[in-house]
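The values are calculated or read from the model by the stated rules, or taken from the named source; none is laboratory data. Note that the coordinates shown come from a computational prediction; the quantities given were computed from them, not determined experimentally. With ideal geometry, Cβ positions are generated from the backbone for all residues, glycine too; neighbour counts draw on all protein chains shown. Surface accessibility is based on the protein's heavy atoms, side chains included, excluding ligands, DNA and RNA. Shrake-Rupley method; radii C 1.70, N 1.55, O 1.52, S 1.80 Å.
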Amino acid sequence: MSATRGGRPPEAARPLLTTLAIVASCVAFVVIGALQALYGPAIPALREEYGISPAVAGLSLSAHFVGALLGVLIYHVLRDRLNKRVLLGGSYVLMAAGSAAFAFSPSWIPALAGTLVIGLGFGGIDYGLNQLFAVGFGHRSTAMLNLLNGHFGIGAIAGPALIGWLGAENYPGIFLGVGVLGLLILLTLGGVAARGGAPAPAPAGGATAGGARVMPIIAAFIGIYVLHVAIETGVGGWEPTHLEAVGYGAATAATATSAYWAAMTIGRFVVAPLSLRCSAPSILIVCCAGMAGFLLLATVPAFAPYAYFGVGLMIAPIFPTCLPWLNRAVPGVAAAGAYVIAASMIGGVAFPPLLGGAIDTTEVKTVPLVLFVLAVACGVLSLWLRRNAPDPGGVPDRRGAGRPEAVTAP
């Protein structure tokens, strides 16, 4: 017998995530979304407290992303040596410890080190939970990943709002409070399967049956992740400047930019139920075409604020939709998820200055056109992937539709 009567089922028969663990994971994404979004609004207080320039204060976010990249890689290297509860628990502890160090640091260098430690925990949580959701729900993984990442957006909206409400000078208490909330999630780790969570078997006749196209497929996914993050950060960073350059006031530009970030949250919640009926390739192609169309529309000043909102809606589903598809397309490459998540973080760090350099050679009014070119490239890659990495396992047949799945740890 696989389990004793009245006893707990063996690890292999347990779901990867219990209901409590699913709820706690969504809370965790609210936490990491808030932490990432807190740095910018805290910069004025950081400058005053430590006597640093805006550029030096901005290093806090750079150190965070460097730590996050390292956190992804470390989690991936240790995933076969340590169980998931240990890795996730360690990530929550690192994030809380870094938050405390950042909040109570007596000088700038230790504070910067604190943001690096926050990033280490952030990266582990981001990668670990995204991977669990990508493989833990069968054909519902895309919907669940959109739901999970939608909560990141809730945190990203709530963090700056909290700074605005309590005041930037109170950033130490806010960082500490968010870190403590992350520690409380440790109490729910019993609902996470210690082992399991390997990518699903490849569909019969799948794109990688011969193994010859594995690396080009991974490279195409990496390209999509880098390009869509470049567009995401490009719009977020340059939308206010572009709108002011074409005649809008500063207040309108700021409001439109906030609406853009809100659209990225809304888009993920909207796509979650749609992904149960539409394939990942179809969603990706529509999103890439939509990004390109709205960016082209943003070149018309009268439509620009609304077009940027549309860009946010289109970008939103790409990250959570592609990850389960990638796992099904190259099931034998455990590192594929780490590659694309790391690539998305590198894109967030590398592209803003590159985009700034490109705009310096032209003018700020060309921002939508520069980003349009990136969206077209993203669309070309999506069409190539639809042909070379079909996803027959991503949409259930009629017999399976609507029925809950018991996904267990292998």
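Whether a residue is in contact with a Phe, Trp or Tyr (Cβ under 8 Å, 6 or more places away or on another chain), assigned to a helix (DSSP H, G or I) and among the β-branched types (Val, Ile, Thr) was assessed, and VAL72 passes this test. Within the stretch 290-304, the set of residues being in a helix (DSSP H, G or I) and open to solvent by 20 Å² or more (accessible area, probe 1.4 Å) comprises GLY293, PHE294, LEU296, LEU297.
When LEU70, LEU120, LEU94, LEU78 are checked against the criterion of being at pLDDT 90 or above, surrounded by fewer than 18 Cβ atoms within 10 Å (Cβ to Cβ) and in contact with a Gly (Cβ under 7 Å, 6 or more places away or on another chain), LEU70 stands alone in meeting it. Does any residue of the stretch 385-395 turn out to be exposed (fewer than 15 other Cβ atoms within 10 Å of the Cβ) and modelled with pLDDT of 80 or more? The answer is yes; a qualifying residue exists. Does PRO54 satisfy the criteria of being more than 20 Å from LEU132 (Cβ to Cβ), of a type outside the set (A, V, I, L, M), at pLDDT below 95 and open to solvent by 50 Å² or more (accessible area, probe 1.4 Å)? Yes; evaluated as a whole, the condition is true for this residue. Only one entry in ALA245, ALA212 is at pLDDT below 90 and more than 20 Å from VAL364 (Cα to Cα), namely ALA212. Could you go through the stretch 108-116 and let me know if any residue there is at pLDDT 90 or above, open to solvent by 70 Å² or more (accessible area, probe 1.4 Å) and out of contact with any Phe, Trp or Tyr (no Cβ under 9 Å at 6 or more places or on another chain). Taking every residue of the stretch 108-116 in turn, at least one turns out to be at pLDDT 90 or above, open to solvent by 70 Å² or more (accessible area, probe 1.4 Å) and out of contact with any Phe, Trp or Tyr (no Cβ under 9 Å at 6 or more places or on another chain). Set side by side, the residues LEU87, LEU82, LEU132, LEU94 differ, and just one is farther than 22 Å from GLY58 by Cβ and either acidic (Asp, Glu) or outside any helix (DSSP H, G or I) (or both), which is LEU82.
Checking the stated criteria, PHE102 turns out not to satisfy the condition of being among the aromatic types (Phe, Trp, Tyr), within 16 Å of the chain's Cα centre (by Cα) and open to solvent by less than 10 Å² (accessible area, probe 1.4 Å).
Table: residues versus (1) in contact with a Gly (Cβ under 7 Å, 6 or more places away or on another chain); (2) open to solvent by 30 Å² or more (accessible area, probe 1.4 Å); (3) within 26 Å of ALA343 (Cβ to Cβ).
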site: ALA219; (1), (2), (3): no, yes, yes
site: PRO240; (1), (2), (3): no, yes, no
site: TYR260; (1), (2), (3): yes, no, yes
site: VAL270; (1), (2), (3): no, yes, yes
site: CYS288; (1), (2), (3): yes, no, yes
